[in-house]
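The values are calculated or read from the model by the stated rules, or taken from the named source; none is laboratory data. A quick note: this is a predicted structure, and the numbers were derived from the prediction, not measured. Note: ideal-geometry Cβ built from the backbone for every residue, glycine included; neighbour counts use all protein chains shown.
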Amino acid sequence: MISPVGDMLIRLLTPTHTMYYKASASVLIATSKVFSVMPCPTSLFSEAQRVNNLPYSSTEPFVLSLHDNNPVVLHILLKALHNQPPVPR
């Protein structure tokens, strides 16, 4: 878990396992250029289309599926973007 109050679930699918990270969409949007364009209403990303079509009162977190990313690198990146220790130096 990256953010205990996160509203986004990042599902990382690798050839050997699946990992989940609970993150804050607003933090990711504010701190990452890639994530900032994903949920934009005019974005062509399929993820944006799914986010923008969710009901406003949805109690289920948005699930973003990523494939074949390095789990260690993704974990470090998410921790850094959420200003969470420990981030290796």
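Side notes on the structure shown:
- Top-ranked residue in the stretch 72-89 [being surrounded by 11 or more Cβ atoms within 10 Å (Cβ to Cβ) and assigned to a loop (DSSP other than H, G, I, E, B); ranked as modelled with the highest pLDDT]: 82
- In the stretch 67-78, the residues that are touching a residue at least 40 places away in the same chain (Cβ under 8 Å) reach residues that are in a helix (DSSP H, G or I) with C-beta atoms within less than 9 angstrom, at least six apart or across chains, in these pairs: 78/28.
- Identity of the residue in the stretch 35-66, at pLDDT below 70 and assigned to a helix (DSSP H, G or I), that ends up surrounded by the fewest Cβ atoms within 10 Å (Cβ to Cβ): 46
- Lone unmet requirement of (1) modelled with pLDDT under 85; (2) touching a strand residue (DSSP E or B) at 6+ places or on another chain (Cβ under 7 Å); (3) under 13 Å from residue 9 (Cα atoms) for residue 69: (3)
- Residue that is surrounded by the most Cβ atoms within 10 Å (Cβ to Cβ), among those in the stretch 11-34 that are assigned to a helix (DSSP H, G or I) and without any contact (Cβ under 8 Å) to a residue 24 or more places away in the chain: 29
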